[in-house]
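Visitor: Mind looking over this structure? Questions follow.
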Protein chains: 2
Amino acid sequence: MHKILVICGSVRPTRICPEVARWVMDRLPPGAPLALELTDLADWPLPLDGEPGIPARDGYTRPLTHAWSRTVVAAAGYVLVTPQYNWGYPAALKNVLDHLYREWAGKPAMIVSYGMRGGGKAAAQLREVLDGLHMRPTATMPALTLPAAMKTGAAFDIATGPFDALADTVAQAFAELAALLAPTA
Amino acid sequence: MHKILVICGSVRPTRICPEVARWVMDRLPPGAPLALELTDLADWPLPLDGEPGIPARDGYTRPLTHAWSRTVVAAAGYVLVTPQYNWGYPAALKNVLDHLYREWAGKPAMIVSYGMRGGGKAAAQLREVLDGLHMRPTATMPALTLPAAMKTGAAFDIATGPFDALADTVAQAFAELAALLAPTA
């Protein structure tokens, strides 16, 4: 089994990210050799100005950065579940990516975005960042469209099945993630 | 005179952003109707999880967010001076943009990036975010290339004139910023 960190990109107190992430995790195809582990960035309060040096060149100074480094190294791959903020990725997600460098290199990753229009612009920007980190993103990037009623304040309710039409797409992305981890003969 | 906030996008303790920003500010063409004011994000520690609501829809809860809102509203335009981190914009810069929404709408902005290759990828992502915020970015986006010796740890020294070849490009961007602020007859 390959250990996969599922990283929730939002730390906003009213976020729906953990719920979205759990729905994504439930779409893992039976028998896939992936052990998913939900990672809440609220548990990783890495300060924006926490490290003086450049991760690609210098060492780390804070115990929390070292702990985050060990956590990321211990995973074989990642699922990044992210909302779209103003056509881009959230600062909270970029912050934990930028805190490290070598730890990400060569690792496969699957991006799942959500937003009123699916968050595809944020996913595209995030994919470029993963390329900059020398990661291997899956070709399929599920973009989950939120119910239109949320725009005027309606609560999010996963029980109404808002993303059901994308279930096969998410399963396909998981299959690609597993394939990227398979040993090449 | 139009008040322009010059926002330094990096809060890393060893950052060169304020020095780069001051060099940029010194390129303001004489007589341009712009009053530049350097804004250090280290003075605006807006927490990543500081506001529960969605800026476009809900109010703010923290005094610091209200103060940031007033500061942004009081400016006619912005110069964003940003390093490139892993082909994207820094979390610190995205964080202060995402904390507000209506305050940015319709305002002109000039993006100046810097990096080992000029930081053009970060500038392009940032421009997309400004579009998402309904801002009006200048057409010219100066991309300042850092001296190659910095890659192996050499100190940055603005006195050696690393960006001199781009001085006219920065002046051109300032002219465009002023033009975007001019009243239409």
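Visitor: Could you name the lysines whose alpha carbon sits less than 20 Å from that of A:Lys107, not counting residues in the same chain fewer than 8 places away?
Guide: Cα-Cα hits under 20 Å: A:Lys3, A:Lys94.
Visitor: Could you work out how much longer the chain between A:Ala167 and A:His66 gets when fully extended? Use 0.36 nm per residue separation minus the Cα distance between them, nm to one decimal. The partial results should precede the final answer.
Guide: Numbers: separation 101, 0.36 × 101 = 36.36 nm, distance 3.59 nm.
Value of the extension gain: 32.8 nm.
Visitor: Determine the principal axes of the Cα atoms in the stretch A:2-181, then give the extent along each, sorted from largest to smallest and rounded to whole angstroms.
Guide: Projected onto the principal axes, the Cα atoms of the stretch A:2-181 cover 47, 38, 25 Å.
Visitor: I would also like to ask the following. Tell me which residues come under 5 Å, amide H to amide H, from A:Val6 once H is placed; ignore anything under 5 positions away on its chain.
Guide: Those lying under 5 Å, H to H, from A:Val6 are A:Glu37, A:Leu38, A:Thr39, A:Val79.
Visitor: Over the alpha carbons of the protein assembly as shown, what is the largest minus smallest coordinate on each principal axis, giving the biggest first in Å?
Guide: The Cα atoms of the protein assembly as shown stretch 69, 50, 33 Å along their principal axes.
Visitor: Now for a different question. Please give the residues from the stretch B:66-96 for which the solvent-accessible area of heavy atoms, probe 1.4 Å, is smaller by at least 20 Å² with all protein chains in place than with the chain isolated.
Guide: B:Tyr85, B:Asn86, B:Trp87, B:Tyr89, B:Ala91, B:Lys94
Visitor: Any idea of the total accessible area buried by the A-B contact, 1.4 Å probe, rounded to 100 Å²?
Guide: Details: alone 9130 and 9140 Å², together 15470 Å².
Between A and B, the summed buried area is about 2800 Å².
Visitor: Let me ask something additional. Using a probe radius of 1.4 Å on heavy atoms only, what accessible surface per residue do you get for the protein assembly as shown? Whole Å² is fine.
Guide: Working: 15470 Å² over 370 residues.
I get 42 Å² per residue for the protein assembly as shown.
Visitor: Pop out the carbon and sulfur fraction of the accessible area of the stretch B:1-87 as a percent, whole number, probe 1.4 Å. Could you put the intermediate results ahead of the total?
Guide: Values: 2050 of 3740 Å².
The nonpolar share, carbon plus sulfur, comes to 55 percent.
The values are calculated or read from the model by the stated rules, or taken from the named source; none is laboratory data. Quick caveat: nothing in here was measured; it's all calculated off a predicted structure. Calculation scope for accessible area: heavy atoms of the full protein, side chains included, ligands and nucleic acids excluded. Shrake-Rupley method; radii C 1.70, N 1.55, O 1.52, S 1.80 Å.
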